[in-house]
Amino acid sequence: MAHHRSDRELQLQQKLIHYRSELIQWEQRWTELQQQLEKERLRTEYWRQKAKEWKTSVLNEYEQTIAVLQQELLRCQVALEEQAHQPAPFTTDELRLHAFFRFSVMLPSHPEEPIWIIGDLIMDNIGTAAADIASICLTVTPKQAGSLSGKIASSSLSDPDQQPGWVFVHSDWQRLVREKGEYWIRPAVHRSLAPRESLIFPSFQIRVNHPLSAPLRVAATVYCAQSEQGIEAVNPLIIQPLP
(Lines give C-alpha, C1' and ligand atoms only; values in the text may rest on other atoms or scores of the structure.)
Protein backbone atom coordinates (compact mmCIF):
# COMPACT_ATOMS: atom_id res chain seq x y z
CA MET A 1 0.00 0.00 0.00
CA ALA A 2 2.83 2.35 0.87
CA HIS A 3 4.53 1.37 -2.36
CA HIS A 4 1.51 2.41 -4.47
CA ARG A 5 1.27 5.74 -2.64
CA SER A 6 4.94 6.43 -3.36
CA ASP A 7 4.47 5.77 -7.11
CA ARG A 8 1.45 8.03 -7.26
CA GLU A 9 3.26 10.87 -5.53
CA LEU A 10 6.15 10.46 -7.96
CA GLN A 11 3.81 10.69 -10.94
CA LEU A 12 2.17 13.78 -9.50
CA GLN A 13 5.54 15.41 -8.94
CA GLN A 14 6.57 14.64 -12.54
CA LYS A 15 3.34 16.12 -13.86
CA LEU A 16 3.84 19.17 -11.68
CA ILE A 17 7.35 19.63 -13.03
CA HIS A 18 6.02 19.25 -16.59
CA TYR A 19 3.23 21.78 -16.03
CA ARG A 20 5.65 24.25 -14.47
CA SER A 21 7.98 23.85 -17.46
CA GLU A 22 5.12 24.49 -19.90
CA LEU A 23 4.00 27.47 -17.83
CA ILE A 24 7.48 28.95 -18.03
CA GLN A 25 7.52 28.41 -21.81
CA TRP A 26 4.13 30.06 -22.19
CA GLU A 27 5.25 32.98 -20.05
CA GLN A 28 8.33 33.38 -22.26
CA ARG A 29 6.17 33.17 -25.38
CA TRP A 30 3.79 35.75 -23.92
CA THR A 31 6.70 38.06 -23.18
CA GLU A 32 8.00 37.65 -26.74
CA LEU A 33 4.56 38.40 -28.20
CA GLN A 34 4.27 41.51 -26.06
CA GLN A 35 7.69 42.65 -27.28
CA GLN A 36 6.74 42.00 -30.92
CA LEU A 37 3.48 43.86 -30.42
CA GLU A 38 5.35 46.81 -28.96
CA LYS A 39 7.79 46.76 -31.89
CA GLU A 40 4.92 46.77 -34.38
CA ARG A 41 3.28 49.63 -32.52
CA LEU A 42 6.54 51.59 -32.60
CA ARG A 43 7.07 50.68 -36.26
CA THR A 44 3.57 51.87 -37.13
CA GLU A 45 4.15 55.09 -35.25
CA TYR A 46 7.49 55.54 -37.02
CA TRP A 47 5.99 55.20 -40.51
CA ARG A 48 3.01 57.35 -39.56
CA GLN A 49 5.44 60.10 -38.59
CA LYS A 50 7.47 59.57 -41.78
CA ALA A 51 4.33 59.76 -43.90
CA LYS A 52 3.35 62.97 -42.17
CA GLU A 53 6.80 64.44 -42.77
CA TRP A 54 6.78 63.31 -46.44
CA LYS A 55 3.32 64.75 -46.98
CA THR A 56 4.41 68.04 -45.47
CA SER A 57 7.60 68.08 -47.59
CA VAL A 58 5.77 67.25 -50.83
CA LEU A 59 3.08 69.81 -50.17
CA ASN A 60 5.71 72.45 -49.49
CA GLU A 61 7.51 71.54 -52.71
CA TYR A 62 4.28 71.68 -54.72
CA GLU A 63 3.37 74.99 -53.17
CA GLN A 64 6.78 76.42 -54.06
CA THR A 65 6.50 75.08 -57.63
CA ILE A 66 3.03 76.55 -58.02
CA ALA A 67 4.28 79.89 -56.75
CA VAL A 68 7.16 79.87 -59.28
CA LEU A 69 4.81 78.94 -62.14
CA GLN A 70 2.39 81.66 -61.15
CA GLN A 71 5.21 84.21 -61.25
CA GLU A 72 6.33 82.92 -64.66
CA LEU A 73 2.75 83.09 -65.94
CA LEU A 74 2.48 86.68 -64.79
CA ARG A 75 5.75 87.54 -66.56
CA CYS A 76 4.48 85.98 -69.80
CA GLN A 77 1.21 87.85 -69.53
CA VAL A 78 3.05 91.12 -69.00
CA ALA A 79 5.36 90.39 -71.96
CA LEU A 80 2.39 89.59 -74.23
CA GLU A 81 0.59 92.75 -73.16
CA GLU A 82 3.69 94.84 -73.87
CA GLN A 83 4.23 93.21 -77.27
CA ALA A 84 0.61 93.88 -78.18
CA HIS A 85 1.25 97.60 -77.78
CA GLN A 86 4.43 97.56 -79.88
CA PRO A 87 4.44 98.06 -83.67
CA ALA A 88 4.84 94.97 -85.83
CA PRO A 89 8.53 94.14 -86.44
CA PHE A 90 10.03 94.79 -89.84
CA THR A 91 10.45 91.56 -91.80
CA THR A 92 12.74 90.96 -94.75
CA ASP A 93 11.98 88.72 -97.68
CA GLU A 94 13.74 85.36 -97.77
CA LEU A 95 15.62 84.11 -100.83
CA ARG A 96 15.05 80.38 -101.31
CA LEU A 97 15.63 78.67 -104.62
CA HIS A 98 15.03 74.94 -105.17
CA ALA A 99 16.88 73.41 -108.13
CA PHE A 100 16.59 69.83 -109.35
CA PHE A 101 16.98 67.61 -112.42
CA ARG A 102 14.16 65.84 -114.21
CA PHE A 103 15.68 63.34 -116.61
CA SER A 104 15.62 59.97 -118.31
CA VAL A 105 18.45 57.64 -119.31
CA MET A 106 18.55 55.85 -122.67
CA LEU A 107 20.66 52.71 -122.48
CA PRO A 108 22.32 51.44 -125.67
CA SER A 109 21.13 48.36 -127.49
CA HIS A 110 24.74 47.53 -128.40
CA PRO A 111 27.83 47.80 -126.17
CA GLU A 112 29.64 50.10 -128.59
CA GLU A 113 26.83 52.68 -128.61
CA PRO A 114 26.82 55.62 -126.13
CA ILE A 115 24.43 56.20 -123.25
CA TRP A 116 22.21 59.28 -123.58
CA ILE A 117 20.73 61.39 -120.78
CA ILE A 118 17.86 63.69 -121.72
CA GLY A 119 16.50 66.04 -119.11
CA ASP A 120 15.51 69.43 -117.74
CA LEU A 121 17.00 71.56 -114.98
CA ILE A 122 14.14 73.12 -113.02
CA MET A 123 14.49 76.09 -110.68
CA ASP A 124 11.59 76.89 -108.33
CA ASN A 125 11.47 80.06 -106.26
CA ILE A 126 10.04 78.80 -102.96
CA GLY A 127 11.02 81.90 -100.98
CA THR A 128 9.36 85.26 -100.45
CA ALA A 129 11.93 87.35 -102.36
CA ALA A 130 12.49 87.66 -106.09
CA ALA A 131 15.46 85.74 -107.51
CA ASP A 132 17.41 87.16 -110.46
CA ILE A 133 19.04 84.19 -112.20
CA ALA A 134 22.57 85.31 -113.06
CA SER A 135 24.16 82.08 -114.30
CA ILE A 136 24.22 78.30 -114.06
CA CYS A 137 27.28 76.06 -113.94
CA LEU A 138 26.75 72.51 -115.20
CA THR A 139 29.74 70.31 -114.38
CA VAL A 140 30.52 66.94 -115.96
CA THR A 141 33.04 64.75 -114.12
CA PRO A 142 35.20 63.12 -115.22
CA LYS A 143 35.36 65.80 -117.90
CA GLN A 144 36.25 63.34 -120.67
CA ALA A 145 33.43 60.94 -119.75
CA GLY A 146 30.63 62.88 -121.44
CA SER A 147 29.55 66.01 -123.27
CA LEU A 148 26.52 68.26 -122.81
CA SER A 149 24.48 69.90 -125.54
CA GLY A 150 21.23 71.80 -125.74
CA LYS A 151 19.54 74.91 -127.03
CA ILE A 152 22.40 77.24 -126.07
CA ALA A 153 23.77 80.08 -128.20
CA SER A 154 27.35 81.30 -128.12
CA SER A 155 26.12 84.88 -127.55
CA SER A 156 22.91 86.86 -127.42
CA LEU A 157 21.29 87.23 -130.81
CA SER A 158 19.78 90.48 -131.99
CA ASP A 159 16.70 88.77 -133.40
CA PRO A 160 14.43 87.67 -130.50
CA ASP A 161 12.73 85.11 -132.76
CA GLN A 162 16.03 83.27 -133.17
CA GLN A 163 16.89 83.48 -129.47
CA PRO A 164 17.17 79.96 -127.98
CA GLY A 165 16.57 81.19 -124.44
CA TRP A 166 20.03 80.35 -123.09
CA VAL A 167 23.53 81.54 -123.96
CA PHE A 168 27.03 80.69 -122.81
CA VAL A 169 28.39 83.12 -120.24
CA HIS A 170 31.97 83.14 -121.56
CA SER A 171 33.15 83.61 -125.11
CA ASP A 172 35.79 80.91 -124.56
CA TRP A 173 33.28 78.45 -123.15
CA GLN A 174 34.82 75.57 -125.13
CA ARG A 175 38.11 75.97 -123.23
CA LEU A 176 36.28 75.69 -119.89
CA VAL A 177 34.57 72.55 -121.13
CA ARG A 178 37.87 70.98 -122.21
CA GLU A 179 39.85 71.97 -119.12
CA LYS A 180 37.26 71.69 -116.34
CA GLY A 181 34.18 70.01 -117.78
CA GLU A 182 32.17 73.15 -116.86
CA TYR A 183 29.30 74.56 -118.93
CA TRP A 184 28.50 78.12 -117.81
CA ILE A 185 25.17 79.37 -119.17
CA ARG A 186 22.69 82.15 -118.42
CA PRO A 187 19.24 83.23 -119.61
CA ALA A 188 19.45 85.09 -122.92
CA VAL A 189 17.22 87.78 -121.43
CA HIS A 190 17.08 88.95 -117.84
CA ARG A 191 14.96 86.61 -115.74
CA SER A 192 13.67 87.60 -112.33
CA LEU A 193 11.72 84.82 -110.65
CA ALA A 194 8.94 86.06 -108.41
CA PRO A 195 7.93 83.88 -105.46
CA ARG A 196 6.32 80.61 -106.63
CA GLU A 197 7.62 81.08 -110.19
CA SER A 198 9.83 78.57 -112.01
CA LEU A 199 12.52 78.65 -114.67
CA ILE A 200 13.54 75.64 -116.77
CA PHE A 201 16.66 74.89 -118.77
CA PRO A 202 14.91 72.37 -121.02
CA SER A 203 15.77 69.35 -123.11
CA PHE A 204 19.51 69.19 -122.58
CA GLN A 205 21.31 66.08 -123.78
CA ILE A 206 24.38 64.40 -122.35
CA ARG A 207 26.29 61.88 -124.39
CA VAL A 208 28.05 59.42 -122.09
CA ASN A 209 31.18 58.02 -123.67
CA HIS A 210 31.54 54.25 -123.46
CA PRO A 211 33.16 52.47 -121.79
CA LEU A 212 33.24 54.40 -118.50
CA SER A 213 36.26 53.89 -116.29
CA ALA A 214 34.58 55.68 -113.36
CA PRO A 215 31.05 56.87 -112.49
CA LEU A 216 29.91 59.91 -114.47
CA ARG A 217 28.45 62.75 -112.41
CA VAL A 218 26.58 65.81 -113.65
CA ALA A 219 25.97 68.58 -111.11
CA ALA A 220 24.36 72.00 -111.39
CA THR A 221 24.91 75.16 -109.36
CA VAL A 222 22.58 78.14 -109.78
CA TYR A 223 23.81 81.66 -109.01
CA CYS A 224 21.50 84.59 -108.24
CA ALA A 225 22.26 88.29 -108.28
CA GLN A 226 20.96 88.55 -104.70
CA SER A 227 23.47 86.05 -103.28
CA GLU A 228 27.10 85.21 -103.96
CA GLN A 229 26.61 81.66 -102.70
CA GLY A 230 25.52 79.18 -105.34
CA ILE A 231 22.53 76.88 -104.94
CA GLU A 232 23.19 73.27 -105.93
CA ALA A 233 20.67 70.98 -107.57
CA VAL A 234 19.47 68.49 -105.00
CA ASN A 235 19.80 65.41 -107.26
CA PRO A 236 23.01 65.31 -109.30
CA LEU A 237 22.99 62.83 -112.17
CA ILE A 238 25.18 59.77 -111.64
CA ILE A 239 25.79 57.03 -114.21
CA GLN A 240 27.68 53.92 -113.13
CA PRO A 241 29.94 52.04 -115.58
CA LEU A 242 28.16 49.23 -117.37
CA PRO A 243 29.42 45.73 -116.53
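The values are calculated or read from the model by the stated rules, or taken from the named source; none is laboratory data. Just so you know, these numbers come straight off a predicted model, no measurement behind them. Please note: Cβ atoms are built from the backbone with ideal geometry, for glycine as well, and neighbour counts cover all protein chains shown.
Pull up segment 206-243, narrow it to residues that are without any contact (Cβ under 8 Å) to a residue 60 or more places away in the chain and surrounded by 12 or more Cβ atoms within 10 Å (Cβ to Cβ), then point me to the one that is nearest to the chain's Cα centre (by Cα). Ranking the candidates gives P215 first.
Screening the candidates A225, A220 for the property of being under 26 Å from H98 (Cβ atoms) and at pLDDT below 95 yields one hit, A225.
If you go through segment 185-198 and keep only what is within 30 Å of L107 (Cβ to Cβ) and under 35 Å from the mean Cα position of the chain (by Cα), you end up with just S198.
Looking only at strands (runs of 3 or more DSSP E) that lie completely in segment 96-205, which have at least 2 residues being without any contact (Cβ under 8 Å) to a residue 12 or more places away in the chain and in the same structural domain as R217 (by TED's automatic domain parsing)? I'd like the intermediate steps shown before the answer.
On the way: elements: 97-106, 115-125, 131-141, 146-149, 166-168, 182-187.
No strands (runs of 3 or more DSSP E) qualify here.
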